[in-house]
Amino acid sequence: MPTPPPIPTGLRGACPRCGEGHLFQGFLALRPRCEACNLDYSSFDSADGPAFFVMSIVGLIVVGTALWLEVTYEPPMWVHALVAGTLSIGLSLMLVRPLKGLLIALQYKNKAEQGRFEP
């Protein structure tokens, strides 16, 4: 059976080997293993990768929106705070799970492991 493509598989939160099992148990916690193909998920670790990409993407969008809002409408500060807070929290929650799944699927596809010093 061929390995499914990592990008759509990871974004869906599916197993990186079979594409059918679920990767997550809860919002961000990984399951112990795939219920379809029995792949052990314990070796996968996305570390801070998803948080870095979420902060970068959300930061660009929020700052761009704040600049556009200021130049176009010149709203009071409470409007900026409301828009920036809502966008920051909403986009972060929307992006963190798919990006974590994507990084884990890419880690599986590329056989990425923790770096080790050669003896």
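Here, each number is a calculation from the coordinates, and none is a lab measurement. Keep in mind the model is a prediction, meaning the values are calculated, not measured. A quick note on method: Cβ atoms are made from the backbone with ideal geometry, for glycine too, and the neighbour counts reach across all protein chains shown.
Report ³J(HN,Hα) in whole Hz for each residue of the range 69-85, in order, from the Karplus equation J = 6.51 cos²θ - 1.76 cosθ + 1.60 where θ = phi - 60°; Gly and Pro get x.
Karplus values, whole Hz, x for Gly and Pro: 4, 5, 5, 7, 10, 6, x, x, 4, 5, 5, 4, 5, 5, 5, 5, x.
What does the extension gain come out to for Arg31 and Val79, with contour length at 0.36 nm per residue minus their alpha carbon separation?
So the extension gain works out to 13.2 nm.
Amide H to amide H, which residues 5 or more places from Phe24 or on other chains are under 5 Å from it, using H placed in the peptide plane?
Arg31
GNM, the chain, Cα, under 10 Å: largest mean-square fluctuation among Met55, Met77, Met94?
With Cα springs under 10 Å in the chain, the top fluctuation among Met55, Met77, Met94 is at Met77.
Please go through the range 48-119 and write out the trypsin sites (Lys or Arg not before Pro) that DSSP classes as loop and that have at most 10 other C-beta atoms within 10 Å.
Working: sites: Lys100, Lys109, Lys111, Arg116; in loops: Lys111, Arg116.
The qualifying sites are Lys111, Arg116.
Quick one: putting +1 on the C-beta of Lys and Arg, -1 on the C-beta of Asp and Glu, what dipole do you get for the chain around its Cα centre, in Debye to the nearest 20?
Working: 9 positive and 9 negative charges, 80 e Å.
Rounded to the nearest 20 debye, it is 380 debye.
If the elastic network links every pair of Cα atoms under 10 Å, which of Gly85, Gly13, Gly49 fluctuates the most in the Gaussian network model of the chain?
Gly85
Rounded to whole Hz and in sequence order, give me ³J(HN,Hα) for the range 105-119 from the Karplus expression 6.51 cos²θ - 1.76 cosθ + 1.60, θ = phi - 60°, writing x for Gly and Pro.
5, 5, 4, 5, 4, 8, 6, 6, 9, 5, x, 10, 7, 6, x
Are there chymotrypsin sites (Phe, Trp or Tyr not before Pro) in the range 22-94 that DSSP marks as loop and that have at most 13 other Cβ atoms within 10 Å, and which are they?
Numbers: sites: Phe24, Phe27, Tyr41, Phe44, Phe52, Phe53, Trp68, Tyr73, Trp78; in loops: Phe27, Tyr41, Phe44.
Answer in residue order: Phe27.
How far is the Cα center of the range 1-47 from the Cα center of the range 70-85, in Å?
Spelled out, the Cα-based centre of one part sits 40 Å from the other.
Please find, in a Gaussian network model of the chain (springs between Cα atoms separated by less than 10 Å), the residue of Ala14, Ala81, Ala66 whose mean-square fluctuation is greatest.
Ala81
So for the chain, taking the charge dipole from beta-carbon charges (+1 Lys/Arg, -1 Asp/Glu), which of Met94, Pro8, Val63 sits furthest toward the positive end?
Checked the options; the winner is Pro8.
Give the calculated FRET efficiency between Ile61 and Phe24 to the nearest 0.05, with a Förster radius of 30 Å applied to their Cβ-Cβ distance. Spell out each step's value before the answer.
Numbers: r = 24 Å, r/R0 = 0.81.
Efficiency for this residue pair is about 0.80.
Please give the calculated 222 nm ellipticity per residue for the chain, where each DSSP H segment of at least 4 residues contributes -39500 (n - 2.57) and the sum is spread over every residue; nearest 500 deg cm²/dmol? Walk me through the intermediate numbers first.
Values: 3 runs with 65 residues, N = 119.
Rounded to the nearest 500, the figure is -19000 deg cm²/dmol.
Could you give each residue of the range 39-50 its phi-based ³J(HN,Hα) in whole Hz, using Karplus coefficients 6.51, -1.76, 1.60 with θ = phi - 60°, and x for Gly or Pro?
5, 6, 8, 5, 7, 7, 8, 8, 6, 9, x, x
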